[in-house]
Amino acid sequence: MNRNRLHSLCPYFAMFPETFARDQLEAHTKPGDLVFDPFSGRGTTLLQSLLMGRRAVAADINPVAYCISGAKATVPRLSSVLRRLEILESQFDPACEESVGKSLPEFFSHAYASAVLSQILFLRHSLTWRRNHVDRFIAALVLGSLHGGMDKSPSYFSNQMPRTISTKPGYSIRYWLRHKLLPPSRDVFDILRKRAAYRLSAEVPLLRGSVALTDARKASEVFAKFKNQVNLIVTSPPYLDVTRYEEDQWLRLWFLGHAPFPTYSQVSVDDRHTAPTKYWEFLRSVWSGVAGMLAPKSIMICRIGTKHQSIEDLTNGLSLSLRGVFPDLRSLRPAVVSNIRNRQTEYFHPGTTGCLREVDFAFQLT
Ligand SMILES: C[S@@+](CC[C@H](N)C(=O)[O-])C[C@H]1O[C@@H](n2cnc3c(N)ncnc32)[C@H](O)[C@@H]1O
């Protein structure tokens, strides 16, 4: 399968491959059907559905996921992106950004060359990514370049970092000082032009999808117009005891308007639960929040990642959470298990452990 260039617009932790979404779409839907992902992440299910002529709806509570998924739901023309970048570049005045740059925490002066930081700061306050689809696409491009391996690609703006997660400020500074690493000099506008041309010069979806920045538990309310219409859900909830999106994506969240340091609030953009009982309760309330959107006989494909749980525990927990809301559900096949070996953070932060196995479940409403 030719990989659509929009899928990798921006890396995302715990994303599933588009081949997974494609196989489910092929097996369980036909063109015109409606597909929903309540935990959209980078929008894999949404984009693959649109590319295959299915209608698509997606939700995520995290602004980073909303921005990336939204960029794929309404893909702008390359000419519109280039025109907008030209206007932005003509308005950019580095002198106006200098004082803001200096007021940021120490992390930023180690992470970015000062001219690069000025360009990023300008885009941060100029892009109206919540309401304009061209700006959202540009913001998603920025998110994809904001941090990464500077030795691996000239399109990352930052000093050496992993591309999937933002490492903590203290750790990052110590790493850069120990390895005598200085931030690279980059032309942000030029990189964005090149990346836009690359991403938008291949196939783009003809259909548009709908994405909401919302808690999945409110999906039926937010997507009231899709009542009883969803034929297939392909989703992976936040992984049990693995990652904390708010901390792990703090730098991308900062670009979208959040604080210039990791935050650890109990609620907001994250719903990780380390206690399995709470996790299954959370999922049960998600299924009940989604129920109103489902068509009769709709199918739910769910991938769950975990570090500590056995397959039996996952199977029981998920079945109970679903059957609490859909008593007549039937399992379509036994759980499919895949073990995960390589992690993207390894080269930067060796020895960390993440998700160890992913388990796929398939159910149908009867
Ligand atoms: C495992 S990731 C999904 C990855 C996605 N399948 C992909 O390919 O990119 C889980 C997602 O759930 C989101 N999430 C966590 N709690 C949520 C909630 N209460 N409502 C909606 N989304 C939530 C996280 O922000 C994260 O993007």
Just checking, does the stretch 207-215 include any residue being free of Cβ contacts under 8 Å to residues at least 60 places away in the same chain and more than 28 Å from Gly53 (Cβ to Cβ)? no
Hey, can you tell me all the residues within the stretch 36-67 that are of a type in the set (D, E, K, R) and either under 11 Å from the mean Cα position of the chain (by Cα) or in a loop (DSSP other than H, G, I, E, B) (or both)? Arg42, Arg54, Asp60
Sort out which residues of the stretch 41-63 are in contact with a Gly (Cβ under 9 Å, 6 or more places away or on another chain) and either within 7 Å of the ligand (Cβ to nearest atom) or within 13 Å of Trp129 (Cβ to Cβ) (or both), and write them in order of number. Gly43, Asp60, Asn62, Pro63
If you check every pair at least six apart or on different chains, which have Cβ atoms under 7 Å apart with a residue in the stretch 254-275 that is assigned to a loop (DSSP other than H, G, I, E, B) and of a type in the set (Lys, Arg) first and a residue that is modelled with pLDDT under 95 and surrounded by 12 or more Cβ atoms within 10 Å (Cβ to Cβ) second? Arg272/Pro238; Arg272/Thr243; Arg272/Arg244
Considering each residue of the stretch 193-213, count those that are surrounded by 18 or more Cβ atoms within 10 Å (Cβ to Cβ) and not in a strand (DSSP E or B), and give that number. 8
Could you grab me the full set of residues in the stretch 282-325 that are of a type in the set (Lys, Arg) and away from the ligand (no atom under 13 Å from the Cβ)? Lys297, Lys307, Arg323
Taking Val75 as meeting all but one of (1) crowded, with 21+ Cβ neighbours inside 10 Å; (2) in a helix (DSSP H, G or I), write down the number of the exception. (2)
How many residues of the stretch 249-278 are within 11 Å of the ligand (Cβ to nearest atom) and at pLDDT below 95? The answer is 8
Here's a check for you: in the stretch 217-235, which residue that is surrounded by fewer than 22 Cβ atoms within 10 Å (Cβ to Cβ) and of a type in the set (S, T, N, Q) is nearest to the ligand (Cβ to nearest atom)? Ser220
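Would you tally the residues in the stretch 276-300 being in a strand (DSSP E or B) and either crowded, with 16+ Cβ neighbours inside 10 Å or not assigned by TED's automatic domain parsing to the domain that holds Val325 (or both)?
Residues flagged as in a strand (DSSP E or B) and either crowded, with 16+ Cβ neighbours inside 10 Å or not assigned by TED's automatic domain parsing to the domain that holds Val325 (or both) within the stretch 276-300 amount to 5.
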Identify all residues within the stretch 17-35 that are within 13 Å of the ligand (Cβ to nearest atom) and either touching a helix residue (DSSP H, G or I) at 6+ places or on another chain (Cβ under 6 Å) or part of a helix (DSSP H, G or I) (or both); write none if there are none. Glu18, Thr19, Phe20, Ala21, Arg22, Gln24, Val35
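The values are calculated or read from the model by the stated rules, or taken from the named source; none is laboratory data. Keep in mind that this is a model prediction, so the values were computed, not measured. Don't worry about glycine lacking a Cβ; one is built from the backbone with ideal geometry, like all the others, and counts go over all protein chains shown.
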